[in-house]
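These notes are about the structure you will find just below.
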Amino acid sequence: NIRIGELAKSKGWITEDDIHKILTIQEDTYEMFGEIALREGKLSEEQLNELVKEQKESYIFFGEALVQIGVISEAELIENLKGYNKAKMEEE
């Protein structure tokens, strides 16, 4: 899944240096990347909203990623999820 900083960089809105500066601040404050970028004037609110929307649209689950890169088949994923769900229901 693509991170906000990488999305913004790919659009030419921030630089690699900007990303590193924001991540350094994030280590100290534990704030979200976008909040820091907004406060520091690296991204506008409109840009951040667009990036968040794009990030949500491109999000994939771990199992989907495994299928996409060929680690398991879709049928194997479904069978594993069924087994997982059955085990979880038996715990309750």
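The values are calculated or read from the model by the stated rules, or taken from the named source; none is laboratory data. Not measured: the values here are computed from a predicted model. All Cβ positions, glycine included, derive from the backbone under ideal geometry; neighbour counts span all protein chains shown. To get the accessible areas, we keep the full protein, side chains included, count just its heavy atoms, and leave off ligands, DNA and RNA. Shrake-Rupley method; radii C 1.70, N 1.55, O 1.52, S 1.80 Å.
So which lysines can Lys82 reach, going by Cα to Cα under 19 Å and dropping same-chain residues fewer than 8 places off?
Counting by Cα, and skipping residues close in sequence, Lys82 has no lysines nearby.
Ignoring ligands, DNA and RNA, what percent of the accessible area of the chain is carbon or sulfur (1.4 Å)?
53
Which lysines have a Cα lying under 29 Å from the Cα of Lys42, excluding residues fewer than 8 positions away in the same chain?
Partners within reach: Lys9, Lys11, Lys21, Lys53, Lys56.
Not counting the cut sites, what is the longest span of the chain without chymotrypsin sites (Phe, Trp or Tyr not before Pro) that DSSP labels loop and that have at most 11 other Cβ atoms within 10 Å?
No qualifying site falls inside 62-92, the longest such stretch.
Accessible area per residue of the range 1-71 at 1.4 Å probe, in Å²?
72
Test of the criteria: in the range 9-92, which trypsin sites (Lys or Arg not before Pro) are in a DSSP loop and have at most 15 other Cβ atoms within 10 angstrom of their Cβ?
Hits after loop and neighbour filter: Lys11.
If amide hydrogens are placed 1.01 Å from N in the peptide plane, which non-local residues have theirs closer than 5 Å to the one on Ile14?
Lys9
Using all C-alpha to C-alpha distances in the range 1-67, build P(r) with 5 Å bins and read off the rounded percent in each one.
With 5 Å bins starting at 0, P(r) equals 3, 18, 27, 22, 15, 9, 5, 1.
Counting other Cβ atoms within 10 Å of each Cβ, which GluC sites (Glu not before Pro) in the range 1-45 have at most 16 and sit in a DSSP loop?
Glu31, Glu40
Which one, Ala75, Ala37, Ala65, has the greatest fluctuation when you compute a Gaussian network model over the chain with C-alpha springs under 10 angstrom?
For the chain, modelled as a Gaussian network with Cα springs under 10 Å, the answer is Ala75.
With θ taken as phi - 60° and the coefficients 6.51, -1.76 and 1.60, list the Karplus ³J(HN,Hα) couplings across the range 68-84 in order, rounded to whole Hz; mark glycine and proline as x.
Values per residue, Gly and Pro as x: 4, 8, x, 5, 9, 8, 4, 5, 5, 4, 4, 5, 5, 5, 4, x, 5 Hz.
Only helical DSSP H runs with n ≥ 4 go in: add -39500 (n - 2.57) per run for the chain, normalise by residue count and round the 222 nm mean residue ellipticity to 500 deg cm²/dmol.
-22000 deg cm²/dmol
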